[in-house]
Structures are given as C-alpha cells and as structure tokens.
Amino acid sequence: MTAYERNAPAPPQAHIYLPTANTSQSNPMDMGGCSNCRIYLLASGDAGEIDVIMKGAPNEAGPYLDEISEHAKLSGVKDSVSYVLRDTSRFLIVEAPKLQGSWTIWVVPI
C-alpha cells in the first residue's frame, strides 16, 4: 500500500431507500461532493411496478427534475435496473409516486 492509498479519502456513503405507500419520498441524500451517482432499482419477489423521480434538494439550490437529466424520471419500471445520473446537486431526494410490490432503491455516489 502506498502513502497515497492510505491518505486517500473514503468514497461517499451509499444510500438505501425502501419506498412504501406511507413513505413515498426519501430524506435528502448527501452525495458528498460527487456530481454523478448510480441508481439501482431492485425488485424484490413479485416486482410489480414503480415510478421514480430524482430531485435536487431545494435547500442547496440544486437542480430540479428537468435540469438533472432525462433519467431523473423513470415511469413503469417492472424489473430491476441500474443507470447513472449525471450532474446532480449536493443533496438528492427520491420520490416514488407510483408503487406496486416491494422495491429497494440504492443511490451510490460516484
């Protein structure tokens, strides 16, 4: 292990959101200075269907839905999928306005 490897900062923490009918919006997720993140939508068991909207948190004056990218809103997802969201704000909020079945959403800063 080199001196650089020992002093390198750890990557930002990944965030997990388990949407339910009562919690259709996540808490703000800190991207730790990363401007990109990988989103994993993981279906559990009989998947059902989910709509996902990624928004910049307004308390950081970050970009809103139409400013983030075309992948900030996915509708009618019926199976597990992952994708990269670019040029995000410091904090992200995940909304799941339509939810059928059991899903896990991972947001991993990169």
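The string of couplings for region 77-84 from the Karplus curve (6.51, -1.76, 1.60, θ = phi - 60°) is 6, 10, 9, 4, 8, 9, 7, 9 Hz, one whole number per residue in order, with x for Gly and Pro. The figure for Tyr83 is an accessible area of roughly 20 square angstrom, using a 1.4 Å probe on the protein chains alone.
Only protein heavy atoms count here; under a 1.4 Å probe, Thr104 has an accessible surface of about 30 Å².
Using a 1.4 angstrom probe with every protein chain in place, what is the largest-first accessible-area order of Ile16, Ile50? Could the numbers behind the result be given before it?
Numbers: Ile16 100, Ile50 0 Å².
Final ranking, largest accessible area leading: Ile16, Ile50.
The values are calculated or read from the model by the stated rules, or taken from the named source; none is laboratory data. This structure is a prediction, so every number in the text was calculated from the model and none was measured. All accessible areas refer to the heavy atoms of the entire protein, side chains included, with ligands and DNA or RNA removed. Shrake-Rupley method; radii C 1.70, N 1.55, O 1.52, S 1.80 Å.
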